[in-house]
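Note sheet for the following structure.
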Amino acid sequence: MAKKKKSIYDEDVTKIPTHINEDEPFYGWHLDEYQLDYVNAMLNPEKQAVFCNAKAGTGKTTLAVATANLLVKGGRFNKAIYCVSPTQEERLGYLPGDVTEKTEIYFQPLYQALESIGQNPLLVNDPKMGFWIEATTHLYMRGMNIEKSVLILDECQNFFLDDCKKVLTRVHDDCLVVVIGHTGQNDLYKNKDHSGFAPYMEHFKNEPYVQICELKKNYRGRFSQKADELEI
């Protein structure tokens, strides 16, 4: 996913296509066929949810954040919400600081994605700066309403099934839900089989308003690719 040249999305995010072609740079990236399918699924106004099962280094988070930026800045949605699981909330007690400081470490993939599309991660969660994407965890979402938003659930293989249900049942039909994960990795040190990612992909796979995508190529390089091949 190497940058080659500028595209219209670098300067003008008010232009929201419903489909991009393989020869059209997306934020300057030339996408492979699987990435193209993933981005076009998110751009498609007929799709309310996109599940992406992808290995490390395939660009799944970066492309989700880049597409969300386009959809929010172009007016299709009011904001984006980036949600992660702190893997096991009892582990937070061993991290220093208050709740915000304890969870900050889990937002690093978001911050890197923002930097890759030329945005300052320091502006995230700062209402005074007109932020467009909110970083949060599932811990305090009970009873919350999610309306006219792009909801990104990152590393969803680390959500327990009940945590997935808690978040996904907050969503109104005017939202786009992007559920990102990898069935080959799981950081739940207890009850790994209780992850909600694969069951929810199976649960939604036949719905016409949902698309299941896979990304194949690890763009970090041969070392990362080889490391990922070892089964654990």
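Of note:
- Estimated FRET transfer efficiency when R0 is 30 angstrom, pair Ala227-Glu33 (beta carbons, to 0.05): 0.80
- Measuring r between the beta carbons of Glu202 and Phe131 and using R0 = 30 Å, the FRET efficiency lands at 0.30.
- For the residue pairs Lys79/Lys165; Lys73/Lys205; Lys148/Lys205; Lys165/Lys216; Lys60/Lys166; Lys79/Lys216, the alpha carbons lie more than 26 Å apart in Lys73/Lys205; Lys165/Lys216; Lys79/Lys216.
- Summed residue charge, Cβ within 11 Å of Val65's Cβ, Lys/Arg positive, Asp/Glu negative: -1
- For Tyr82, distant residues with modelled amide H under 5 Å away: Glu134, Ala135, Thr136, Ile152
- Label-point gap, in nm, between Leu139 and Leu161 - each point 7 angstrom along Cα→Cβ: 2.5
- Given their separation in residues at 0.36 nm each and the Cα-Cα distance between them, Glu22 and Asn78 gain 17.3 nm when the chain is fully extended.
- Computed from label points 7 Å out along Cα-Cβ, the spacing between Gln108 and Asp193 is 3.2 nm.
- In order through segment 40-57: 3J(HN,Hα) via Karplus (6.51 cos²θ - 1.76 cosθ + 1.60), integer Hz, x for Gly, Pro: 5, 5, 5, 6, 5, x, 7, 9, 8, 8, 10, 9, 10, 9, 8, 6, 5, x
Here, each number is a calculation from the coordinates, and none is a lab measurement. Source: prediction; values computed, not measured. Here the Cβ is made from the backbone with ideal geometry for all residues, glycine too, and neighbour counts use every protein chain on show.
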